[in-house]
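**Student:** One structure coming up, written as C-alpha cells, with questions to follow.
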Amino acid sequence: MSSSLLRPPDEIKLVSSVLYQPLMTRMDRIQTRAGAGLLAFYVNLLGLVACSSPSTSLDKTVSKASFALTFRTEPGQETHWCQYLRLPKGVSDEVMLTGYRWKMTSMHHWSLYRATPDVPQDVPTDQPFDCFAPGAADYTQAAALTQEHELEDQTAFAPGSGFALESGGLFVFQSHTVNATDQPIEPTISFELDLADPAEVPNRLGLIQFYDPFIVVPPHAEATARMRCEIPKDLTLIRRWGHMHVHGAEANVFLDPPGGPVGATPITSTTDWAHPPIQLDTLELPKGSQVRMECKYLGGDKLVLQGPDKLDDEMCMFIAYYYPELTPEEGKTDFENCTRGDWYGSGTKTCKDLLACIQACPQGEAPVIANTKVDVGPCWQQCVVDSCPSATTPFLDLRNCMDSNCASECAGFSFGDACTSCIANSCLSEYATCQTAACE
C-alpha cells in the first residue's frame, strides 16, 4: 500500500501538487471545452492513492496473478491513471495470458497494455501516473490487450490460445474515471490473470493494431480517414474492434477477399468512440485478402490531426487477436502495425500531385514508426489525406524503393541532386509509375 495513505492531509496536498501538476494542463483543456458555465466545476487538483498486491508464485502449467488497485478522484474530475505492474516469474522466459476476471467500482473502463521493449526495468510499480502527462506513454504500446466496461465479468480466450508475455516482465494498467459528484471517490479494481505454461498453449496469439498515420479533421467540418492492410497468410481472428477518439462519428472495417469484389458488410463497426463493441465470433482471414478501414469524424473548434491524445488528436485503428502468430521472419511487426499499408487518401490528388506536395513539406515530417507509435508531420498528413485512395499505392512503392536503395541520398525525403540521381539509377520504374498513375 502506498505510504501516502499515512501522510497528514496537508502533506498529501503538497505531494499531489508536486507530482501531479502536469495534470492541470489537461484539466485546463477540459475547462475550455466545458465552457465558462462549468469552469468552477473543474477547479480541484486531482488526488491519488494506489496500492497493488501481485501474486508471485507460478505453477509449471497454470497459475494466477492477482492485483488490487485503489485510486482517488476529486469532485468534477476526469482521470486516466496508469500504473506499471509486474508479472510473476515463471519457469521459462514466457508465460501465456489465457484469460482474466475482474471486479471494479466507480470506473468507466479499464485496460491492459504491453510495455515497450525499452521500458526501464526499475520503473516504480506502486506509483500511478497520469496516462496523458507529457512523456507518460513513452513506454506503453499503442493498442490495448484488454478494454473492459462491465463492473464485474470474466474473459477466457479460445481454448488453446493465449498471449506470450515476458515472464517476470512489466505491463501497464490504465483506468478511466469520471467523478460527476460533489464528493471525492475512490475507484477500485481487483483483477486476476490466468497464466499458463507455453507448452500447454499451442495457438500463440498475435495482436493486430492497424493504425492510420494520416488523419486531418478540419474545424466544424466532416472528414474521413482510410487505410488498407494486406493479410500475408491464412489467419483466424477471435476478438476484434475499432477505435477512434472524441471526434469520431463512425468507424467501419471491411474484409475485401483476394481477387474478388470489395466487402460490403463491415466485419466490425461502431458509432460510439467511447464504447466500441467487441466482436467475439471467429473470423477467417484468407491470405491475400485486404482489411479496409474507414473512420468518419466531425470537427470541433480547431484542426485535429492523428495522435495519441483522445481530446486533442484522433485515431483510426483496427485491433484484433489473431493466430497463428507471425514470426519475426514472416514480418510480424510490419504486419501487426500495418507499416506498409495503402489506400490512405480521401481526396482527388494523383500520385504525381502527392509527390509534389510532399516535396514541398518541411524536412523531418516523414513518418517515423517507433514502439508501435507513428510520428508524422502535419504537412505530410494533409498531403496524403488530399490524395485519392489509389494514389498512395504507387507513392508508397516509390518511397519503399527509396528507403531500400537511396536512404542516405534521399534522407528526410529530400530531392537534391544526389537523391534524383539515385532514383534514376535504382527506382526509375517506381518513379515513372507514380508520375503517370491516374486515380481509380
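**Student:** Scan (1) assigned to a loop (DSSP other than H, G, I, E, B); (2) open to solvent by less than 20 Å² (accessible area, probe 1.4 Å) for the single condition Asp312 breaks and write down its number.
**Tutor:** It fails just one condition, (2).
**Student:** Failed condition for Ile319, given (1) open to solvent by less than 40 Å² (accessible area, probe 1.4 Å); (2) assigned to a strand (DSSP E or B); (3) at pLDDT 95 or above, with all others met?
**Tutor:** (3)
**Student:** Just for segment 124-153: of the residues that are of a type in the set (Val, Ile, Thr) and closer than 12 Å to Cys82 by Cβ, which one is surrounded by the fewest Cβ atoms within 10 Å (Cβ to Cβ)?
**Tutor:** Thr125
**Student:** So the check is Cβ under 9 Å with 6+ separation or different chains; which pairs have a first residue in segment 407-435 that's under 19 Å from Val368 (Cβ atoms) and a second one that's assigned to a helix (DSSP H, G or I) and of a type in the set (Phe, Trp, Tyr)?
**Tutor:** Phe413/Trp380; Cys419/Phe413
**Student:** Next question, about the same structure. Is it the case, given these coordinates, that Val262 is at pLDDT below 95, closer than 19 Å to Thr393 by Cα and either crowded, with 17+ Cβ neighbours inside 10 Å or of a type in the set (A, V, I, L, M, F, W, C) (or both)?
**Tutor:** Yes: the conditions hold for Val262.
**Student:** Does Leu303 qualify as being open to solvent by 40 Å² or more (accessible area, probe 1.4 Å) and of a type in the set (A, V, I, L, M, F, W, C)?
**Tutor:** Judged against the criteria, Leu303 is a match.
**Student:** For residues in segment 72-88 being in a loop (DSSP other than H, G, I, E, B) and farther than 28 Å from Pro117 by Cβ, which is most open to solvent (accessible area, probe 1.4 Å)?
**Tutor:** So, considering only residues that are in a loop (DSSP other than H, G, I, E, B) and farther than 28 Å from Pro117 by Cβ, the one most open to solvent (accessible area, probe 1.4 Å) is Arg72.
**Student:** Restricting segment 332-362 to residues that are assigned to a loop (DSSP other than H, G, I, E, B) and polar (S, T, N, Q), which is surrounded by the most Cβ atoms within 10 Å (Cβ to Cβ)?
**Tutor:** Asn337
**Student:** Can you spot a residue in segment 371-384 that is of a type in the set (Phe, Trp, Tyr) and either under 17 Å from the mean Cα position of the chain (by Cα) or closer than 17 Å to Pro232 by Cα (or both)?
**Tutor:** No, that holds for no residue.
**Student:** Just one of Glu365, Glu329 is of a type in the set (Asp, Glu), farther than 20 Å from Glu440 by Cβ, open to solvent by 10 Å² or more (accessible area, probe 1.4 Å) and touching a Cys at 6+ places or on another chain (Cβ under 6 Å); which is it?
**Tutor:** Residue meeting the stated conditions: Glu365.
The values are calculated or read from the model by the stated rules, or taken from the named source; none is laboratory data. A quick note: this is a predicted structure, and the numbers were derived from the prediction, not measured. Glycine also receives a Cβ, built like all others from the backbone with ideal geometry; neighbour counts cover every protein chain displayed. What goes into the accessible areas is simple: the full protein's heavy atoms, side chains included, and nothing from ligands, DNA or RNA. Shrake-Rupley method; radii C 1.70, N 1.55, O 1.52, S 1.80 Å.
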